[in-house]
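A short worksheet on the structure shown next.
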Amino acid sequence: MQDTADGGERGPVSQLRRRLGRADLRAVPETRRALRELLRHWGRPGQSETAELLTSELVTNALVHTDQDAYLTATVGPDCLRVEVRDFVAGRPQPRRPDPGDATHGRGLALVQSLADAWGVRPHATGKAVWFELGAEMA
């Protein structure tokens, strides 16, 4: 996995980029740790925990529902955090109603939908990017 950090011109911007190997679920806790480090100075502790949870959900979905690598980009800007997970599988994921008998599956996008300030799916030529933002309401 590869991490990079970038700066920006509009004020302090930090960025995390990671390649997520195919179906390697070890990437989930590793990505949470890297995101936690990125957010250490963000100044929004409650939202940092939410960001870790939602990032875990997007990363897990990409690793479980695709058979190719995926890429994570997390950008902390002056106004908000934006996390995007890009994969190479066509099709728009939809939040689904979780099965009450299954406490561990089917809740990822529903959590993103309910906890993120904004979220969506952006198609691209070879797949899609699922993203969310936190802190956008303060922008």
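Show the residue pairs meeting these rules: Cβ distance below 6 Å; 6+ apart or different chains; first residue within the range 111-131 and under 17 Å from residue 68 (Cβ atoms) and surrounded by 13 or more Cβ atoms within 10 Å (Cβ to Cβ); second residue at pLDDT below 95 and among the acidic types (Asp, Glu).
127/87
Restrict the check to the range 40-50 and report whether at least one residue is in a helix (DSSP H, G or I), at pLDDT 85 or above and in contact with a helix residue (DSSP H, G or I) (Cβ under 8 Å, 6 or more places away or on another chain). Even if it seems obvious, please write down each step before you answer.
From the range 40-50, those in a helix (DSSP H, G or I) are 45-50; that's our starting set.
Narrowing the set further to residues that are at pLDDT 85 or above leaves 47-50.
Next cut, in contact with a helix residue (DSSP H, G or I) (Cβ under 8 Å, 6 or more places away or on another chain) only: 48, 50.
Yes: the range 40-50 contains one or more residues that are in a helix (DSSP H, G or I), at pLDDT 85 or above and in contact with a helix residue (DSSP H, G or I) (Cβ under 8 Å, 6 or more places away or on another chain).
Any residue at all in the range 93-103 that's under 13 Å from residue 61 (Cα atoms) and either part of a strand (DSSP E or B) or at pLDDT 80 or above (or both)?
Within the range 93-103, none of the residues are under 13 Å from residue 61 (Cα atoms) and either part of a strand (DSSP E or B) or at pLDDT 80 or above (or both).
The values are calculated or read from the model by the stated rules, or taken from the named source; none is laboratory data. Keep in mind that what you see is a predicted model, and the values were worked out from it rather than measured. Neighbour counts run over all protein chains shown; Cβ positions are idealised from the backbone, glycine included.
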